[in-house]
Amino acid sequence: MKDAYWFSHDSNAKDDPKCVLLIEQLGLEGYGIYWVLVETLREQSDYKYPLILLPALARRFNTSTEKIKAVVINYKLFSIQNDEFFISESLIQRMNYLDEKRQKRSIAGQLGNQKRWGIVANESQCDGKASLSKVNESKVNESKVKFDEFRKLYQGTKRGNQTEFENFIKKHKDWEEVINILETKLKIQIEFRKKKLDADEFVPEWKNLSTWINQRCWEEEISEITSTNKTVYKKPQQPEIDR
């Protein structure tokens with residue numbers, strides 16, 4: 001069963017002075033917006049969300065951009081990072097505690113299996129990382145850091161960094177070359193989507209990160225058509241066949 005959207009929630013959150021003020025000024029709609037934002041942050045692997053996508057959230061949940069920005073900025077319920085992202089300190093504290101408990105349980109389970117079967121497992125046996133054992137460890141660690149920076153920027157549904165990274169190197173033999181362009185290609189696509197939103201054009205939901213990787217979506221091209229002043233999103237052209 002997936003628990004991607006679970007987090008602890010105080011039953012008296014509405015009585016927090018900041019929430020009391022929020023409800024007083026924006027009513028229950030403002031309180032509902034607050035919990036939509038918290039749930040949205042919970043769905044992100046790093047528990048933060050880009051400010052530039054607030055208009056998209058407003059359209060998705062049938063409210064105004066002004067109201068959603070007011071909830072983020074005016075009531076000290078969220079913090080702003082580098083004028084790019086907003087976070088919930090309370091949510092992060094709760095999730096750090098939960099993640100720590102899960103990590104301890106995972107380690108205890110591994111040790112229990114080793115004791116039960118009399119095995120002293122190495123890292124690749126214990127975690128199923130045989131695909132990484134053939135690659136220089138320092139290079140893998142450097143690539144993991146690059147991949148994690150890219151993964152944090154990705155706005156679609158995603159799993160843990162280790163899981164996504166292993167899927168990436170398993171699916172693509174040229175991963176050592178691709179790793180150096182992933183973040184740049186993704187930023188181009190994010191900017192393209194922002195322009196589409198600003199122009200009130202339809203923008204599809206992001207694919208799951210694993211799907212985006214498996215389909216090599218970083219190879220999709222964006223070009224400007226100056227004659228119509230419109231931005232067009234194009235997939236790589238197939239080579240022409242002589243007839």
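Taken together, the values in this text are just the output of simple stated rules run on the coordinates, not laboratory data. Since the structure is predicted, the reported quantities are computational estimates derived from the model, not experimental observations. Note that each Cβ is placed from the backbone with ideal geometry, even for glycine, and that neighbours are counted across all protein chains shown.
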Review point. Considering only the other residues whose Cβ falls under 15 Å of the Cβ of Thr63, what net charge follows from Lys and Arg at +1 and Asp and Glu at -1?
Key: +1
Practice item. Could you bin all the Cα-Cα distances of the range 15-96 into 5 Å bins starting at 0 and give me the percent of pairs in each, rounded to whole numbers? Key: 3, 15, 29, 27, 19, 7, 0
Study note, to complete from the structure: The residues Phe147, Phe202, sorted from fewest to most surrounding Cβ atoms within 10 Å, come out as Phe202, Phe147
**Study point:** Contact order relative to length of the range 48-95, as percent, for alpha carbon pairs under 8 angstrom and 6 or more apart
**Key:** 39
Practice item. Based on other C-beta atoms within 10 Å, arrange Thr40, Thr65 from fewest to most. Key: Thr65, Thr40
Practice item. Using a cut-off of 15 Å between beta-carbons, work out the net charge of the residues near Asp174 (Lys and Arg +1, Asp and Glu -1, Asp174 not included). Key: +4
Exercise for review: Among the listed pairs Lys171/Lys195; Lys69/Lys171; Lys139/Lys185; Lys18/Lys144; Lys18/Lys194; Lys76/Lys144, give every one whose C-alpha distance is greater than 28 Å.
Suggested key: Lys171/Lys195; Lys69/Lys171; Lys18/Lys144; Lys18/Lys194; Lys76/Lys144
